[in-house]
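K.L.:
Can you read through this structure? Questions will come right after.
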Amino acid sequence: MVLDSLGASLKSALQKLANAGKVDKEVIDEVVKDIQRAMIQADVNVKLVMRLSGRIRERALTEAPPPGMDSREHVLRIVYAELVNIIGKATPVALEPQTIMMVGLQGSGKTTTTAKLARYFARKGLKPAVICADTYRPGAYDQLSQLCAKLGVTFYGERDNKDAVAIVRNGLRETAKYDVRIVDTAGRHALETGLIKEMKDIAALANFTHRFLVLDAAIGQQASEQAKAFNDAVGITGVIITKLDGTAKGGGALSAVSDTNTSIAFIGVGETPEGLERFDPDGFISRLLG
Ligand code: GDP
């Protein structure tokens with residue numbers, strides 16, 4: 001998956017620990033430097049890398065291993081724990097009636113993820129409905145209505161109406177009897193004033209349980225700035241990182257989550273409606289280091 005190369009470099013850094021004659025300051029410094037290099041290459045932002053590696057270094061140098069654990073295992077555990085700590089807990093997503101607003105740039109995977117989420121809730125026994133408020137990208141309406149038809153999910157849209165706010169207002173009224181209402185909003189190639197205003201106006205229509213930011217794993221260093229702008233506009237409750245099955249580096253998206261103090265709700269791991277997983281920080285790091 002996307003973070004394979006980060007995983008491989010982290011594993012080789014930790015291998016040094018396993019091979020070292022004894023775990024002293026020199027070995028720890030070298031391992032920490034390797035971890036830094038691996039993360040920077042994976043597009044994790046430098047501030048985050050420094051914070052993480054600083055914590056690992058300090059704990060590895062000052063904390064004594066608990067009884068029965070050798071110092072190698074101890075340092076490994078510190079690295080693991082600090083990586084999990086940086087990623088944070090998954091966004092809680094309750095299996096109960098709720099409204100969800102999806103935001104993100106064009107091409108991030110918002111529309112695909114909207115359908116995936118509808119499927120997710122349907123499989124949990126809740127009745128979902130999807131509202132298409134993407135009046136900007138040609139084809140968004142057809143794409144989403146066809147995906148929903150395939151999944152047997154109720155779809156609300158107004159093909160010829162360009163007023164996204166009005167569509168959402170009508171859509172929320174029309175789908176009132178459904179358990180989970182998911183609004184797919186329009187993206188742009190960049191965050192423009194028009195888009196920000198539209199998002200704010202839509203967000204004001206309902207007390208949305210979640211406002212999910214959809215981020216492409218390939219986004220790189222500009223991820224944090226983008227996430228901050230979306231967060232300022234509508235208050236992000238969680239991030240969905242898509243295309244984690246691809247070959248991108250992934251570190252930019254992870255940095256954005258940490259920088260905006262949000263958390264990851266789901267990850268996208270494929271183009272089909274099944275390609276969505278609840279985010280599990282422990283499993284994620286185990287997979288990375290495993
Ligand atoms: P939108 O403009 O944000 O609505 O983006 P779309 O939902 O149309 O997705 C853009 C492209 O990304 C499409 O070709 C999707 O099939 C693809 N895509 C979305 N999520 C994933 C994912 O998790 N994995 C892969 N491999 N492709 C994805």
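K.L.:
From Thr185, Thr209, Thr175, Thr193, grab the single residue that is of a type in the set (Ser, Thr, Tyr) and loosely packed, with under 14 Cβ neighbours inside 10 Å.
P.N.:
Matching residue, one of Thr185, Thr209, Thr175, Thr193: Thr193.
K.L.:
Spot the failing condition for Glu26; the list is (1) closer than 24 Å to Leu215 by Cα; (2) away from the ligand (no atom under 16 Å from the Cβ), and only one is missed.
P.N.:
Unmet for Glu26, out of (1) closer than 24 Å to Leu215 by Cα; (2) away from the ligand (no atom under 16 Å from the Cβ): (1).
K.L.:
Here's something else I'd like to know. From (1) open to solvent by less than 60 Å² (accessible area, probe 1.4 Å); (2) away from the ligand (no atom under 16 Å from the Cβ), pick out the condition that doesn't hold for Gln221.
P.N.:
(1)
K.L.:
For the stretch 126-136, give me each residue that is away from the ligand (no atom under 13 Å from the Cβ) and either open to solvent by less than 30 Å² (accessible area, probe 1.4 Å) or in a helix (DSSP H, G or I) (or both).
P.N.:
Residues of the stretch 126-136 away from the ligand (no atom under 13 Å from the Cβ): 126-129, 131.
If the condition is that a residue be away from the ligand (no atom under 13 Å from the Cβ) and either open to solvent by less than 30 Å² (accessible area, probe 1.4 Å) or in a helix (DSSP H, G or I) (or both), then Leu126, Pro128, Ala129, Ile131 are the ones that fit.
K.L.:
Looking only at residues in the stretch 232-260 that are over 25 Å from Thr272 (Cα atoms) and of a type in the set (D, E, K, R), which one is most open to solvent (accessible area, probe 1.4 Å)?
P.N.:
Checking each candidate, the answer is Asp232.
K.L.:
Only one of these is closer than 26 Å to Gly252 by Cβ and modelled with pLDDT of 95 or more: Val180, Val165, Val214. Name it.
P.N.:
The match here is Val214.
K.L.:
If you don't mind, another one. I need the full set of residues from the stretch 10-29 which are open to solvent by 90 Å² or more (accessible area, probe 1.4 Å) and part of a helix (DSSP H, G or I), in order please. Can you show your working first?
P.N.:
Just the residues of the stretch 10-29 that are open to solvent by 90 Å² or more (accessible area, probe 1.4 Å), to begin with: 15, 19, 22, 25-26.
Correct list: Gln15, Asn19, Lys25, Glu26.
K.L.:
Same structure, new question: Can you tell me which residue within the stretch 99-112, out of those that are of a type in the set (Val, Ile, Thr) and either more than 6 Å from the ligand (Cβ to nearest atom) or in contact with a helix residue (DSSP H, G or I) (Cβ under 6 Å, 6 or more places away or on another chain) (or both), is farthest from Tyr178 (Cα to Cα)?
P.N.:
Let us first name the residues in the stretch 99-112 that are of a type in the set (Val, Ile, Thr), namely 99-100, 103, 111-112.
In the following step, the residues that additionally are either more than 6 Å from the ligand (Cβ to nearest atom) or in contact with a helix residue (DSSP H, G or I) (Cβ under 6 Å, 6 or more places away or on another chain) (or both) were identified as 99-100, 103, 111.
Numbers: Thr99: 10, Ile100: 12, Val103: 21, Thr111: 19 Å.
Across the stretch 99-112, the extreme among qualifying residues is Val103.
K.L.:
Hey, Thr242 hits all of (1) within 12 Å of the chain's Cα centre (by Cα); (2) within 14 Å of the ligand (Cβ to nearest atom); (3) farther than 21 Å from Arg188 by Cα but one; which does it fall short on?
P.N.:
Thr242 satisfies every listed condition except (3).
K.L.:
One residue is enough: does the stretch 137-144 have a residue meeting the conditions part of a helix (DSSP H, G or I), open to solvent by 10 Å² or more (accessible area, probe 1.4 Å), aliphatic (A, V, I, L, M) and in contact (Cβ under 8 Å) with a residue 24 or more places away in the chain?
P.N.:
no
K.L.:
Any residue in the stretch 224-231 that is away from the ligand (no atom under 15 Å from the Cβ), open to solvent by 50 Å² or more (accessible area, probe 1.4 Å), closer than 19 Å to Thr185 by Cβ and among the basic types (Lys, Arg)?
P.N.:
yes
K.L.:
Give the residues of the stretch 107-119 that are open to solvent by 30 Å² or more (accessible area, probe 1.4 Å) and within 14 Å of Tyr141 (Cα to Cα), sorted by residue number. Give the derivation first.
P.N.:
Within the stretch 107-119, the subset open to solvent by 30 Å² or more (accessible area, probe 1.4 Å) is 107, 112, 119.
Selection gives Thr112 alone.
K.L.:
Just give me the residues in the stretch 264-279 being more than 10 Å from the ligand (Cβ to nearest atom) and within 11 Å of the chain's Cα centre (by Cα), in sequence order.
P.N.:
Ile264, Ala265, Arg278, Phe279
K.L.:
Scan Arg59, Arg77 and give me the residue that is surrounded by 14 or more Cβ atoms within 10 Å (Cβ to Cβ) and touching a residue at least 12 places away in the same chain (Cβ under 8 Å).
P.N.:
Exactly one residue qualifies, and that residue is Arg59.
K.L.:
In the list Thr99, Thr91, which residue meets the criterion of being under 28 Å from Ser263 (Cα atoms), in a loop (DSSP other than H, G, I, E, B), open to solvent by less than 20 Å² (accessible area, probe 1.4 Å) and modelled with pLDDT of 95 or more?
P.N.:
Going through Thr99, Thr91 in turn, the sole match is Thr91.
K.L.:
Do you know which residues across the stretch 267-290 are among the aliphatic types (A, V, I, L, M) and either under 19 Å from Val234 (Cβ atoms) or in a helix (DSSP H, G or I) (or both)?
P.N.:
Correct list: Ile285, Leu288, Leu289.
K.L.:
Take the residues in the stretch 245-263 that are of a type in the set (A, V, I, L, M) and either farther than 22 Å from Ile86 by Cβ or more than 13 Å from the ligand (Cβ to nearest atom) (or both); name whichever of them is modelled with the lowest pLDDT.
P.N.:
Selected residue: Leu254.
The values are calculated or read from the model by the stated rules, or taken from the named source; none is laboratory data. These numbers come from a predicted model, not from an experiment. Cβ atoms come from the backbone with ideal geometry, glycine included; neighbour counts cover every protein chain shown. Please note that ligands, DNA and RNA were not included when accessible areas were found on the heavy atoms of the full protein model with its side chains. Shrake-Rupley method; radii C 1.70, N 1.55, O 1.52, S 1.80 Å.
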